Amino acid sequence: AVVVGVIVSALVFAWQHAKHIRVESFFDENGSKVYELHGPLFFASIRNFQDLFECKNDPDDVIIELQHSRVMDHSAIEAIDSLAERYMNAGKKLHLRHLSPECRELLHKAGDLVEVNVLEDPRYHVAVNELA
């Protein structure tokens, strides 16, 4: 009974969090469309994730901003790859930006599965008015 309770609780948790994925879209200064993703991307949210994008109406350069999101599992990687393929078939480029170190590692482990351009995050430096 305890195991069944744990499984049911996990499924309810997954179902509730699948609804929390959302996107805000805007155009950046270069004319690229930026989709700012909010919420975890995992097996329960991939269907909603796929529906958030307008491949047909998007410009040639599209960026998925993942600063407020996490790629959680293999299903999420497959969803990103599927989305990248949709854009590629439409002659458009899809980029991922601001991946967490954990997400980068997960995508790196996926190897050839994911064909998407990961934009390097800018490196910030602090200037001080003192000599070392």
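The values are calculated or read from the model by the stated rules, or taken from the named source; none is laboratory data. This structure is a prediction, so every number in the text was calculated from the model and none was measured. Cβ sites come from the backbone with ideal geometry, for glycine too, and all protein chains shown count toward neighbours.
Can you name every residue in segment 49-92 that is small (Gly, Ala, Ser) and without any contact (Cβ under 8 Å) to a residue 40 or more places away in the chain?
Start the filter on segment 49-92 by keeping residues that are small (Gly, Ala, Ser), which leaves 69, 75-76, 79, 82, 84, 90-91.
Of everything in segment 49-92, those that are small (Gly, Ala, Ser) and without any contact (Cβ under 8 Å) to a residue 40 or more places away in the chain turn out to be SER75, ALA76, ALA79, SER82, ALA84, ALA90, GLY91.
Collect the residues in segment 65-83 that are surrounded by 15 or more Cβ atoms within 10 Å (Cβ to Cβ), part of a strand (DSSP E or B) and not small (Gly, Ala, Ser), keeping them in residue-number order.
Scanning segment 65-83 gives GLU65, LEU66, ARG70, VAL71.
Looking at segment 84-110, which of its residues are assigned to a helix (DSSP H, G or I) and under 16 Å from MET72 (Cβ atoms)?
PRO101, GLU102, CYS103, ARG104, GLU105, LEU106, LEU107, HIS108, LYS109, ALA110
Please determine, by comparing only the residues of segment 41-64 that are polar (S, T, N, Q) and assigned to a helix (DSSP H, G or I), which one is nearest to ARG97 (Cα to Cα).
At the first step, the residues of segment 41-64 found to be polar (S, T, N, Q) are 45, 48, 50, 57.
With the extra rule that they be assigned to a helix (DSSP H, G or I), the set shrinks to 48, 50, 57.
Details: ASN48: 20, GLN50: 18, ASN57: 21 Å.
Filtering segment 41-64 for residues that are polar (S, T, N, Q) and assigned to a helix (DSSP H, G or I), the one nearest to ARG97 (Cα to Cα) comes out as GLN50.
For segment 84-100, what are the residues that are modelled with pLDDT of 90 or more and aliphatic (A, V, I, L, M)?
Result: ALA90, single match.
Kindly establish whether ILE46 is under 30 Å from SER9 (Cβ atoms), out of contact with any Ser or Thr (no Cβ under 8 Å at 6 or more places or on another chain) and of a type in the set (Val, Ile, Thr). Talk me through it step by step, then tell me what you get.
Values: under 30 Å from SER9 (Cβ atoms): yes; out of contact with any Ser or Thr (no Cβ under 8 Å at 6 or more places or on another chain): no; of a type in the set (Val, Ile, Thr): yes.
No; evaluated as a whole, the condition is false for this residue.
Count, please, the residues in segment 19-51 that happen to be under 12 Å from the mean Cα position of the chain (by Cα), surrounded by fewer than 16 Cβ atoms within 10 Å (Cβ to Cβ) and modelled with pLDDT under 90.
2
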